[in-house]
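Asks: Below is a structure I'd like to ask you about.
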Amino acid sequence: VTSLRDLVGRRVVSGGTAEALGEVDGVLVDTATRHVTDVYVRHGRSDTFVSWDEINAIGPDAIVVGAEVSPRAPQSDREKAAAGGKLSILGKGVLDDLGFAHGELADLDFDDQSGAVTTISVEDATLAAESLIGIGSYAVVIRSPESDG
Amino acid sequence: LIKASQVIGLPVVTLGGDDVAEVRDVVYDPAQGRLIGFTLNARGWLGRRMKDSLSWSGVLALGPDAVMIRDESELAATDEATPALSEPPTDRNVLGDAVLTDEGVQLGMVSDIIIETGERAEVVGYEIDDKSGDAKRAGPRFLPLPQQLAVSGDALLVPATVEPFLRDDLAGFGAAVDDFRELLRGEAP
């Protein structure tokens, strides 16, 4: 299990040339499947994207991507929003589905192999991935501790 | 319980986490005591009035920090939305109206509207200010409302039996509303 807070800033290295491609700036999460879909990599002043299945290894000191992989420029609206910093997850305000605020998102943990989100940390509490509903430009939305199911 | 004045300016947020609007005004039906919906401003500090509005049926939850909706498609152009949302707000504005009991005693002027959140979003009470000069009273009081109410645009008429249920703060006000309505049901033929 990898913590997003620890991952940010880690080197991203090409598995073919050993060339440094940049460092991790964040991840894109598909909230429907609760999986990390892409890692975005800061190179100079711009963000580029590497898909989850292009990653060979997430090591303690570097992420190694496949030999053929070159990070791509943002394409979809969602990627462009992410590259603009609008979807950055850490420190984002948290709202529940009943309209109550819960401070900031402190961390998000995910499985190194599958990319499945395992837990999210909201202020002092650790919540199961199932409580994650949405990640948008304004807030991270979680299921209310008080709502049923 | 939430005051209408606290709802104005709240962000309207989708379950996807995007803020698509903010509340410009709260529109409700005084006679039925039901919330109809919200008119909207665009987000940001130059937020202009939006053509779209939000009817209560599109709201998932009204909380102290946000109005939650499923997605942006819940916003509808005001003309197409419930006709009530496009009526001039002055028709429905009770702020500043006098509250009279059915025995002809003026309790004060409406200064805010108290909404019980939850599925029905019922208006359960008014905050009233007594500006008639009774120096012993400082600050607003909270008046429970019956489920149905006579409203004229000049004044609101409530049963005189409401007086013992007036409260000085919102703590315990929900119980006062329940007790008052229980009493009214008991009196009904």
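The values are calculated or read from the model by the stated rules, or taken from the named source; none is laboratory data. Since this is a predicted model, take the numbers as computed values, not measurements. In this analysis, Cβ positions are derived from the backbone assuming ideal geometry, glycine residues included, and neighbour counts consider all displayed protein chains.
Asks: Could you check how many residues of region B:1-59 are more than 25 Å from A:Gly134 (Cβ to Cβ), more than 15 Å from the chain's Cα centre (by Cα) and hydrophobic (A, V, I, L, M, F, W, C)?
Replies: The total comes to 1.
Asks: Does A:Ile89 satisfy the criteria of being away from every other protein chain (no Cβ under 14 Å), within 16 Å of the chain's Cα centre (by Cα) and of a type in the set (Val, Ile, Thr)?
Replies: no
Asks: Moving on. Looking only at region B:125-158, count every residue that is of a type outside the set (A, V, I, L, M) and at pLDDT 90 or above and tell me the total. Quick ask: steps written out before the conclusion?
Replies: Narrowing region B:125-158 to residues of a type outside the set (A, V, I, L, M): B:125-127, B:129-134, B:136-137, B:139-142, B:144, B:146-148, B:152-154.
With at pLDDT 90 or above added as a condition, the list becomes B:125-127, B:141-142, B:144.
The number of residues fulfilling the criteria is 6.
Asks: Quick check on A:Asp25: is it of a type in the set (Asp, Glu), within 27 Å of A:Ala106 (Cβ to Cβ) and part of a strand (DSSP E or B)?
Replies: Working: of a type in the set (Asp, Glu): yes; within 27 Å of A:Ala106 (Cβ to Cβ): yes; part of a strand (DSSP E or B): yes.
Spelling it out, A:Asp25 is indeed of a type in the set (Asp, Glu), within 27 Å of A:Ala106 (Cβ to Cβ) and part of a strand (DSSP E or B).
Asks: A further question follows. Scan region A:126-137 residue by residue and report those that are part of a strand (DSSP E or B), without any contact (Cβ under 8 Å) to a residue 40 or more places away in the chain and closer than 16 Å to A:Leu98 by Cβ.
Replies: Correct list: A:Leu127 only.
Asks: Here's a follow-up. How many of the residues making up region A:108-121 are part of a strand (DSSP E or B) and either among the polar types (S, T, N, Q) or away from chain B (no Cβ under 14 Å) (or both)?
Replies: To start, the set of residues in region A:108-121 that are part of a strand (DSSP E or B) comprises A:108-110, A:116-121.
Retained after the next criterion (residues that are either among the polar types (S, T, N, Q) or away from chain B (no Cβ under 14 Å) (or both)): A:109-110, A:116-119, A:121.
Qualifying residue count for the region: 7.
Asks: Name, by its number, the condition in (1) within 21 Å of A:Gln75 (Cα to Cα); (2) touching a Ser or Thr at 6+ places or on another chain (Cβ under 9 Å) that does not hold for A:Ser14.
Replies: (1)
Asks: Tally time: how many residues in region A:62-119 are closer than 18 Å to A:Leu21 by Cβ and out of contact with any Phe, Trp or Tyr (no Cβ under 9 Å at 6 or more places or on another chain)?
Replies: 9
Asks: Let me ask another. In region B:1-81, which strands (runs of 3 or more DSSP E) lie fully inside it and hold 3 or more residues that are more than 14 Å from every other protein chain (Cβ to nearest Cβ)?
Replies: B:19-29, B:34-41, B:49-55
Asks: In the list A:Leu105, A:Leu98, which residue meets the criterion of being within 16 Å of the chain's Cα centre (by Cα) and within 11 Å of chain B (Cβ to nearest Cβ)? Steps first, answer last, please.
Replies: Numbers: A:Leu98 fails: within 16 Å of the chain's Cα centre (by Cα).
Answer to the check: A:Leu105.
Asks: Condition first: within 11 Å of chain B (Cβ to nearest Cβ) and either buried (at least 19 other Cβ atoms within 10 Å of the Cβ) or within 24 Å of A:Arg10 (Cα to Cα) (or both). Can you find one or more residues in region A:75-83 that meet it?
Replies: Of all residues in region A:75-83, those within 11 Å of chain B (Cβ to nearest Cβ) come to A:78, A:81.
Going one step further and asking which of them are either buried (at least 19 other Cβ atoms within 10 Å of the Cβ) or within 24 Å of A:Arg10 (Cα to Cα) (or both), we end up with A:78, A:81.
Yes, the conditions are met somewhere in region A:75-83.
Asks: Working carefully through the options B:Val162, B:Val99, find the one that is touching a helix residue (DSSP H, G or I) at 6+ places or on another chain (Cβ under 8 Å) and either modelled with pLDDT of 90 or more or surrounded by 11 or more Cβ atoms within 10 Å (Cβ to Cβ) (or both).
Replies: B:Val162
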